[in-house]
Amino acid sequence: MRRFIRTAVVLTAVTLAACGPSDPPLDLLFVSFDTVRRDHLSLYEYRRATSPRLEALAEKSVVFSEAYTQSTKTAPSHASMFTGLYPHQHGILDNFHRLSPSAVTLAELLQQSGFRSGAFVSSSTMTGGPSGLQRGFEVWDDKLESHRRSAGLTVDRALRWLDSLEATDRFFLFVHLYDAHGPYAPPEEYASLFLSESPGPPVEIVPAYQIQFVEEQQIDFDLNHYVNRYDGAIRYLDDQLGRLLDAVDLDRTAVLVVADHGETLGERYWSLDHGGQVFDEQIRIPLVLYLPGAKPQWLANPVETVDLLPTLLEAMAVSNSRGSDVAGRSLMPEMANGARLAKRPVFSSAIALSQRHADRGYELDRNRLILGVRYEGWKLVRYPGQQEDYWELYDLEADPDERVNLVDQQVERLEELKRLLEDWNRLATIVEPDPIELSEEDKEKLRVLGYLD
Ligand SMILES: [Zn+2]
């Protein structure tokens, strides 16, 4: 039993500079909420109380209001968090790809510094083995009864592991919680927690995996039917986060809470899903970092999930043997003095799936990625076409829903962002994707579940 054995260290310092990142040596709790879009958390002013525990933690934390993910699929996104690299650098462009042998993970670096490391994941897309996602973890618990595991069960196992540690062990605990991923099926008390007065607008297409347990004639095409359950699932995750927070000593444990990507809920032709798109509702994510003694604040600078590895290493006072090979940058200087770093572009990518853009008539080349760059209030997206590429340019201040494509009206802006995107893409391509060979049986199972298109 390790919980609360150590004498609590009372920190009065209010800035990181005064506190020092290694005094006392910190443990790390890293919680990933799968498929949780930022604007459905009450932390970010959502109208429903979906995240009371996260809000309470945020009052003592650094909250990033402009955090973006590098990919809208689960495994590529987590691989970017774990390596500080973009998907076309670490090699996991889609679920069921292999991590490049040259990529070094956060867990490996912490393990080399003596951390005990355990990971508890909740979906088959986070399976270890050939994917390499488990590199550096002494425990990678992906034993799922089906393709997913309820957050309560995953947290049970994580807490058991925590209890098994010695009081002197420094730990890195990674917990991945999946209930907000479709089909939205949290425990019943959460599924019925939020009810709408109206059914909401009709949904044009409901992805097959959202309705896999429903008879065809019972399929509901009202948007709020799904949103209510989605919001309930987020509240369930928040309660499970609370169990983890109650089990660690917050005087000496850093806590990171993040989502791997968001979800489109009625905004597009292809909805109730993620991946194959880089719209803001899918790439804009919650990000909260609690460090004992650090000044609580909200930071509005754009940050990326590739920044997590260098930030956490600095916070843990662990040297980064990857050096400048990491694409991200440490956010600690900004957190210490509130400095605004140089303006920077934010990049995201997605596998090109034509069906998701059938309303646009796009015929996409699946072998190349959809690439997006967000810079100074504008976003440019390149859709790789089979004949020629398609470009979309959005003025995010005037058009936050990304509806009006301005490629023909904003030629200079288009060229500027194209240069950013092309430079990034050219420089970053260092590995070829290496898909894992799946059996025909596994492929069929995954297709039904919506993991293979
Ligand atoms: Zn995911």
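No value in this document is a laboratory result; all are computed from the given coordinates. All values reported here derive from a predicted model rather than from experimental measurement. Heads up, the Cβs are rebuilt from the backbone with ideal geometry, glycines too, and the neighbour counts pull from every protein chain shown.
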_Gyration tensor verdict on segment 46-187 (Cα atoms; rounded if a/c is under 1.5, prolate if a/b is larger than b/c, oblate otherwise)_ = rounded
*With the Cα gyration tensor of segment 54-122 giving a ≥ b ≥ c as the square roots of its eigenvalues, does the rule (a/c under 1.5 for rounded; else a/b larger than b/c for prolate; else oblate) give rounded, prolate or oblate?*
oblate
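Given segment 22-337, what percent of its DSSP beta bridges are antiparallel, to the nearest 5?
Values: 12 of 38 bridges.
Of the beta bridges lying entirely in segment 22-337, close to 30 percent run antiparallel.
Based only on other Cβ atoms within 10 Å, what is the fewest-to-most ordering of ASP399, ASP179, ASP27, ASP239? Can you show the working numbers first?
On the way: ASP399 13, ASP179 29, ASP27 22, ASP239 18.
By the 10 Å Cβ count, ascending: ASP399, ASP239, ASP27, ASP179.
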_Compute the distance from the alpha-carbon center of segment 253-322 to that of segment 170-233, in whole Å._
22 Å
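Which entries of LYS73/LYS295; LYS379/LYS418; LYS73/LYS343; LYS73/LYS379 have Cα-Cα distances beyond 22 Å here? The partial results should precede the final answer.
Working: LYS73/LYS295 33 Å; LYS379/LYS418 10 Å; LYS73/LYS343 26 Å; LYS73/LYS379 20 Å.
Among LYS73/LYS295; LYS379/LYS418; LYS73/LYS343; LYS73/LYS379, the Cα-Cα distance tops 22 Å for LYS73/LYS295; LYS73/LYS343.
Using only alpha carbon positions, build the gyration tensor of the chain, then give the equivalent ellipsoid semi-axes as the square roots of 5 times its eigenvalues, largest first, whole angstrom. Walk me through the intermediate numbers first.
Working: eigenvalues 211, 136, 99 Å².
Ellipsoid semi-axes (Å, largest first): 32, 26, 22.
Could you work out the local net charge near HIS261, counting Lys and Arg as +1, Asp and Glu as -1, over the other residues with Cβ closer than 9 Å to its Cβ?
Details: positive: ARG37, LYS73; negative: ASP34, ASP260, GLU263.
Local charge sum for HIS261: -1.
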*For ALA185, net neighbour charge (Lys/Arg +1, Asp/Glu -1) across residues whose Cβ lies under 10 Å away*: 0
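In segment 108-219, what percentage of the DSSP-assigned beta bridges are antiparallel, given to the nearest 5? Walk me through the numbers before you get to the answer.
On the way: 1 of 9 bridges.
Restricted to segment 108-219, the bridges split so that about 10 percent are antiparallel.
If Lys and Arg each add +1 and Asp and Glu each add -1, what is the summed charge of the other residues whose beta carbon sits under 14 Å from the beta carbon of VAL407?
Working: positive: ARG360, LYS379, ARG382, ARG403, ARG413, LYS418; negative: GLU388, ASP389, GLU392, ASP395, ASP399, GLU402, ASP408, GLU412, GLU415, GLU416.
Computed value for this residue: -4.
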*asked:* When 1/r is averaged over all different Cα pairs and the result inverted, which Kirkwood radius in Å belongs to segment 234-378?
replied: 17.9 Å
